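The values are calculated or read from the model by the stated rules, or taken from the named source; none is laboratory data. Computed from a prediction, not measured in an experiment: that's the story for all the values here. Glycine also receives a Cβ, built like all others from the backbone with ideal geometry; neighbour counts cover every protein chain displayed.
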Amino acid sequence: MRRRFFVESFDVNSATMRGATAEHLGRVLRAEPGQQYELSDGHRVWLARIESVAISKRGENRIEFALVEPMEAREPSLDFVLLISLIKFDRFEWCLEKATELGATEIIPLTAARTDKPLLASAEKRHERWERIIVESAQQARRLRPPTLSAATLPADVFARAASGLKIILSERREAPSLHEALKQRITTPASPSAVPSVALAIGPEGGWTDDELAAARTAGFVEASLGENILRTETAVLASLAILRFALAPD
């Protein structure tokens, strides 16, 4: 199966790859003229042939492609917004990778009340690295485009502006219904056959949500849901809940 990479845009019959992606393809994968890859600009996908490779230690890295033929560009079947509290960065980055592979269309880091303060101070410096992780994961998963990554934001602010048709906040409270029950009660049929189901999923920090954060979520229309009696690590909750929601909600 051919690898897929992202480019900024397509010309009439060519495309140019620049920067870190070009360096990876040229230096690590040892790309050569004549090789074919899939290219996406986030809207269209083309099968393309390498015409020239220019990798330099000091100058601009660039690979020139000739467009061979258009390919099917499938839009996501589920509009999936992941609201995830900051956790230790190695595990947070694993969450970014897996959420991208599982189809998240937007990822919003949350600065929850119980998030460790050193993480909050360092998050902005990591943003560029996190974007690279998302792009690389989206290319590996052969997605049409990578998810968008927002700056870290207070949960109440994100909850208030969430516009998804289904909004779920994972909770450790004993009285919270299971995710299975929450889905049975809240799943609705899209307004039209062409409408894409939309869901926002909020996952809290290791210390759990505060009462104020849960109240803000409820006010914004989020429904509490539990993944069972066992307390899961954040990265486990991300993987389990995204897989469940994709299975339950995606039409394909």
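Quick one: would you say residue 114 is in a loop (DSSP other than H, G, I, E, B) and either among the hydroxyl-bearing types (Ser, Thr, Tyr) or under 19 Å from residue 212 (Cα atoms) (or both)? Judged against the criteria, residue 114 is a match. Might you check whether a residue that is buried (at least 23 other Cβ atoms within 10 Å of the Cβ), in the same structural domain as residue 234 (by TED's automatic domain parsing), in contact (Cβ under 8 Å) with a residue 60 or more places away in the chain and of a type in the set (A, V, I, L, M, F, W, C) occurs anywhere in region 112-122? The answer is yes, given that some residue of region 112-122 is buried (at least 23 other Cβ atoms within 10 Å of the Cβ), in the same structural domain as residue 234 (by TED's automatic domain parsing), in contact (Cβ under 8 Å) with a residue 60 or more places away in the chain and of a type in the set (A, V, I, L, M, F, W, C).
Test residue 171 against the criterion of being polar (S, T, N, Q), crowded, with 18+ Cβ neighbours inside 10 Å, touching a Ser or Thr at 6+ places or on another chain (Cβ under 7 Å) and assigned by TED's automatic domain parsing to the domain that holds residue 202, and give yes or no.
Values: polar (S, T, N, Q): yes; crowded, with 18+ Cβ neighbours inside 10 Å: yes; touching a Ser or Thr at 6+ places or on another chain (Cβ under 7 Å): yes; assigned by TED's automatic domain parsing to the domain that holds residue 202: yes.
For residue 171, the condition - polar (S, T, N, Q), crowded, with 18+ Cβ neighbours inside 10 Å, touching a Ser or Thr at 6+ places or on another chain (Cβ under 7 Å) and assigned by TED's automatic domain parsing to the domain that holds residue 202 - is met.
Of the residues making up region 134-173, just one is outside any loop (DSSP other than H, G, I, E, B), charged (D, E, K, R) and within 15 Å of residue 85 (Cα to Cα), namely 157.
Every condition in (1) part of a strand (DSSP E or B); (2) assigned by TED's automatic domain parsing to the domain that holds residue 199 holds for residue 93 except the one numbered (1).
Close Cβ contacts (under 8 Å, 6 or more residues apart or on different chains) running from residues in region 185-205 that are among the β-branched types (Val, Ile, Thr) and surrounded by fewer than 18 Cβ atoms within 10 Å (Cβ to Cβ) to residues that are modelled with pLDDT of 65 or more and assigned to a loop (DSSP other than H, G, I, E, B) comprise 188/165; 196/75; 196/76; 196/77; 196/78.
Of the candidates 154, 144, the single residue that is crowded, with 18+ Cβ neighbours inside 10 Å and touching a strand residue (DSSP E or B) at 6+ places or on another chain (Cβ under 8 Å) is 144.
Results for (1) surrounded by 15 or more Cβ atoms within 10 Å (Cβ to Cβ); (2) touching a residue at least 40 places away in the same chain (Cβ under 8 Å), shown as yes or no for each residue.
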position	(1), (2)
20	no, yes
52	no, no
73	no, yes
87	yes, yes
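Residue check: residue 33 meets all listed conditions (1) surrounded by 15 or more Cβ atoms within 10 Å (Cβ to Cβ); (2) touching a strand residue (DSSP E or B) at 6+ places or on another chain (Cβ under 6 Å) but one, namely (1).
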